[in-house]
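Reviewing the structure listed below.
The values are calculated or read from the model by the stated rules, or taken from the named source; none is laboratory data. No experiment lies behind these values; they were computed from the predicted model shown. Heads up, the Cβs are rebuilt from the backbone with ideal geometry, glycines too, and the neighbour counts pull from every protein chain shown. To get the accessible areas, we keep the full protein, side chains included, count just its heavy atoms, and leave off ligands, DNA and RNA. Shrake-Rupley method; radii C 1.70, N 1.55, O 1.52, S 1.80 Å.
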Amino acid sequence: MKQQTLLLGQTLNFNGNPLEESWEDTVSIDSSGGVLIEDGHIRAVGNGAELRKAHPLAQVTDYADALICPGFVDAHVHYPQTAIIASWGKRLIDWLNLYTFPEEMRLADPAYATEIAGRYLDLTLAHGTTTVCSFATITPQSVDAIFEAAALRGQRIVAGKTCMDRNAPDGLCDTAQSAYDDSKALIERWQGKGRAGYAITPRFTPTSTPDQLAALGALWAEHPDCLMQTHLSEQLDEIAWVRELVPQARDYLDTYEEHGLIGARAVYGHAIHLTPRESDRISETGAALVHCPTSNTFIGSGLFDMAGLAARRIPIGLATDTGGGSSFSMLRTMAAAYEIGQLRGAPLHAAQLIWLATAGSARSLHLHEKIGTLNAGFEADITILDLASTPAIAQRASNAQNIWDMVFATLMMGDDRAIKDVWVAGQRRV
Ligand code: GUN
Ligand code: ZN
């Protein structure tokens, strides 16, 4: 008989999208829940005592009143920017030129890329993140490095080679043809291998010529099972630059659309300053947007319209955007999403925040039938949250009105000390 593991605690259950329906109808917490794991997958979720009775040979870990959640899914990151996170004083374009591009050049050394990829995944696992969707740098070795590091840790991952053929240092530029050829070879090497998925990755219109965008649009048409990730409408200066570079385009999104870089498997990071036509097209095509709140305040980009875009049923994920974002933590990211909601007059409930960081992000990456929810048959990526992890949180938790009030305190004030355990494909990792 196969080894079974039973986790007992308070389990988080999803039954719909709390941004589109009421959170009370779609998210619940079972105070005496259990999750049964076998063969890297969740076999059953239900009442802890009943599962224990039905599976007496299962190895039990009792987390008492800690919260058993799906592992966090960070839907937009740049692992190569790990070492320059929290760099001071610049807005997007200057920040890229001064901090980001020089660091990304360093990853041309495959040994350094391997070191950073491992360091990044260890840091994020310690923060409860079990899956990321990452940009690499322009070198294929930097893509291999993150896929290999994830495979070593048994993690589900999405990544892609960042393509740039203008407005970047020579050492960071490819060409339309080499971007196509290298990305194609990487798709053949990684797409669907183990727990890996490939995202075709033009960085953004300012650093890709129309020829390169067209080549990557053609590549995506040949590999429609891949995701396509890029940046869209993050800062006003960036949007003005795109208008200068492509004056005939109707708007920023059109610079992608005209090359076939739009569709249900498109994932656009930021998307803050959208025109009505852009949000209409995103909504019609089923493309996903990724909200990166710590980045949007840190680089001074603006306030994402979560309520307006979610009301249009656009799939939305949540992300740190490391290293534009100022934290590796999805807890800190949920807190920042709450703060941005407040600044827009639309505060998110704790149930909505934690759904965004798990099932919502998984949905944006088309992984919602594999990860992001504690469901039988899903992969057993699970994060255990201690709801009283510091004296400051414990005193607030002891004064909580109800379980959601208690969870909210940890989402707002928690850090890696709140991560009691992390399970990846049914193995305990942290
Ligand atoms: N736009 C293009 N590249 C980047 C990047 O690396 N980070 C952020 N935040 N925005 C970008
Ligand atoms: Zn980004």
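Can you confirm whether region 250-270 contains a residue that is within 14 Å of ligand 1 (Cβ to nearest atom), open to solvent by 10 Å² or more (accessible area, probe 1.4 Å), in contact (Cβ under 8 Å) with a residue 24 or more places away in the chain and not charged (D, E, K, R)? Break it down into steps so the answer makes sense when it comes.
Filtering region 250-270 for residues within 14 Å of ligand 1 (Cβ to nearest atom) gives 252, 255-256, 267-270.
Next, from what is left, pick out any that are open to solvent by 10 Å² or more (accessible area, probe 1.4 Å): none.
Looking through region 250-270, none of the residues is within 14 Å of ligand 1 (Cβ to nearest atom), open to solvent by 10 Å² or more (accessible area, probe 1.4 Å), in contact (Cβ under 8 Å) with a residue 24 or more places away in the chain and not charged (D, E, K, R).
Quick one: Ser233 ticks every box in (1) open to solvent by 10 Å² or more (accessible area, probe 1.4 Å); (2) touching a His at 6+ places or on another chain (Cβ under 7 Å) bar one, so which box is it?
Among (1) open to solvent by 10 Å² or more (accessible area, probe 1.4 Å); (2) touching a His at 6+ places or on another chain (Cβ under 7 Å), Ser233 violates only (1).
What residue, among those in region 237-249 that are assigned to a helix (DSSP H, G or I) and away from ligand 1 (no atom under 14 Å from the Cβ), is least open to solvent (accessible area, probe 1.4 Å)? Write out each step before concluding.
First pass over region 237-249, keeping only residues assigned to a helix (DSSP H, G or I): 237-245.
Narrowing further to those that are away from ligand 1 (no atom under 14 Å from the Cβ): 240, 243-244.
Values: Ala240: 42, Arg243: 153, Glu244: 142 Å².
Per the criteria, the residue is Ala240.
Mind listing just one residue for me: the one in region 115-141 that is touching a residue at least 40 places away in the same chain (Cβ under 8 Å) and among the hydroxyl-bearing types (Ser, Thr, Tyr) and, of those, nearest to ligand 2 (Cβ to nearest atom)?
Among residues in region 115-141 that are touching a residue at least 40 places away in the same chain (Cβ under 8 Å) and among the hydroxyl-bearing types (Ser, Thr, Tyr), the one nearest to ligand 2 (Cβ to nearest atom) is Ser134.
With the structure loaded, tell me whether Glu234 is among the acidic types (Asp, Glu) and in a helix (DSSP H, G or I) or whether it fails that test. Write out each step before concluding.
Numbers: among the acidic types (Asp, Glu): yes; in a helix (DSSP H, G or I): no.
Criteria not met by Glu234.
Give all pairs with beta carbons closer than 7 Å in which a residue from region 295-306 that is open to solvent by 10 Å² or more (accessible area, probe 1.4 Å) and outside any loop (DSSP other than H, G, I, E, B) meets a residue that is away from ligand 1 (no atom under 12 Å from the Cβ) and small (Gly, Ala, Ser); count only pairs at least 6 apart in sequence or on separate chains.
Thr297/Ala336; Met306/Gly341; Met306/Ala346
Of Leu36, Leu57, which residue is within 16 Å of Met1 (Cβ to Cβ) and open to solvent by 60 Å² or more (accessible area, probe 1.4 Å)?
Working: Leu36 fails: open to solvent by 60 Å² or more (accessible area, probe 1.4 Å).
Going through Leu36, Leu57 in turn, just one is within 16 Å of Met1 (Cβ to Cβ) and open to solvent by 60 Å² or more (accessible area, probe 1.4 Å): Leu57.
If I ask for residues that are within 16 Å of ligand 1 (Cβ to nearest atom) and surrounded by fewer than 22 Cβ atoms within 10 Å (Cβ to Cβ), which ones from region 271-294 would you list?
Of all residues in region 271-294, those within 16 Å of ligand 1 (Cβ to nearest atom) come to 271-274, 289-294.
Answer for region 271-294, where residues must be within 16 Å of ligand 1 (Cβ to nearest atom) and surrounded by fewer than 22 Cβ atoms within 10 Å (Cβ to Cβ): Ile272, His273.
Within the group Val430, Val422, which residue is over 25 Å from Met306 (Cα atoms) and in a loop (DSSP other than H, G, I, E, B)?
Going through Val430, Val422 in turn, the sole match is Val430.
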